[in-house]
Amino acid sequence: MPARLRRLADRQHLLVAIFAASLILTSPWVTMLKRIPASAGFLDYAHVVLGFLCLGLAVTYLVTSLRVGGWRLYFPWAAADFGPLARDIGGLFRGRLPSAEGGGLFATIQGILMVLFLAAAATGAGWFFSQGSHASMAWRDWHIGIAWTFALALAVHLVTVSLHLLDFLGD
């Protein structure tokens with residue numbers, strides 16, 4: 001990836017981390033069901049605004065990450081390249097940490113995380129635009145389910161990054 005594109009992706013990654021953490025950590029205090037309530041507070045409106053910012057960020061970050069062959073790194077299976085992923089999974093059973101490079105397990109987890117981030121933002125927008133209708137509760141349920149899945153995948157990503165850093169420091 002060219003240096004300019006790498007710097008852009010790094011900035012986007014930082015924003016994704018900050019925005020996602022903010023939304024996940026404050027979500028227990030968001031009180032929206034079928035629509036934004038008349039008694040909505042700061043966290044409710046902040047969640048909606050930050051969610052829409054995340055929708056734009058998710059699209060642009062995904063596009064930036066997939067440029068210049070990045071799609072082969074994060075979605076190697078899309079190019080029918082299962083070798084690095086199979087090698088990393090096989091290595092786990094032999095007690096070896098997967099590599100952080102080469103389109104293996106860690107990169108695939110990052111790719112899935114990017115898609116889940118976009119899906120969480122998109123379903124949140126779907127809920128917002130359908131609020132007050134019968135479909136709004138379905139959008140809300142999808143949003144919550146995908147957001148929980150994103151949070152779980154984010155936890156897995158944090159573990160993989162930590163393992164990579166420990167491996168790096170051990171060398």
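Summary table
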quantity	calculated
Unique match (being in a helix (DSSP H, G or I) and touching a Cys at 6+ places or on another chain (Cβ under 8 Å)) among Ala20, Ala9, Ala46, Ala58	Ala20
Options Phe42, Phe93, Phe52: the member that is of a type in the set (Phe, Trp, Tyr) and surrounded by 12 or more Cβ atoms within 10 Å (Cβ to Cβ)	Phe52
Residue among Ser22, Ser27 that alone is within 22 Å of His143 (Cβ to Cβ), surrounded by fewer than 17 Cβ atoms within 10 Å (Cβ to Cβ), modelled with pLDDT of 95 or more and hydroxyl-bearing (Ser, Thr, Tyr)	Ser22
Failed condition for Tyr74, given (1) farther than 25 Å from Ile18 by Cβ; (2) in contact (Cβ under 8 Å) with a residue 40 or more places away in the chain; (3) touching a helix residue (DSSP H, G or I) at 6+ places or on another chain (Cβ under 7 Å); (4) not polar (S, T, N, Q)	(1)
Output for the range 1-14, where each listed residue is of a type in the set (A, V, I, L, M), closer than 17 Å to Gln110 by Cα and surrounded by fewer than 15 Cβ atoms within 10 Å (Cβ to Cβ)	Leu14
Close pairs from the range 129-150: first buried (at least 19 other Cβ atoms within 10 Å of the Cβ), partner modelled with pLDDT of 95 or more and among the β-branched types (Val, Ile, Thr), Cβ under 9 Å, at least 6 apart	Trp139/Thr123; Arg140/Thr123; His143/Thr123; Ile146/Thr123; Ala147/Ile24; Ala147/Thr123; Phe150/Ile24
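The values are calculated or read from the model by the stated rules, or taken from the named source; none is laboratory data. Since the structure is predicted, the reported quantities are computational estimates derived from the model, not experimental observations. Positions of Cβ are backbone-derived with ideal geometry, glycine not excepted, and every protein chain shown enters the neighbour counts.
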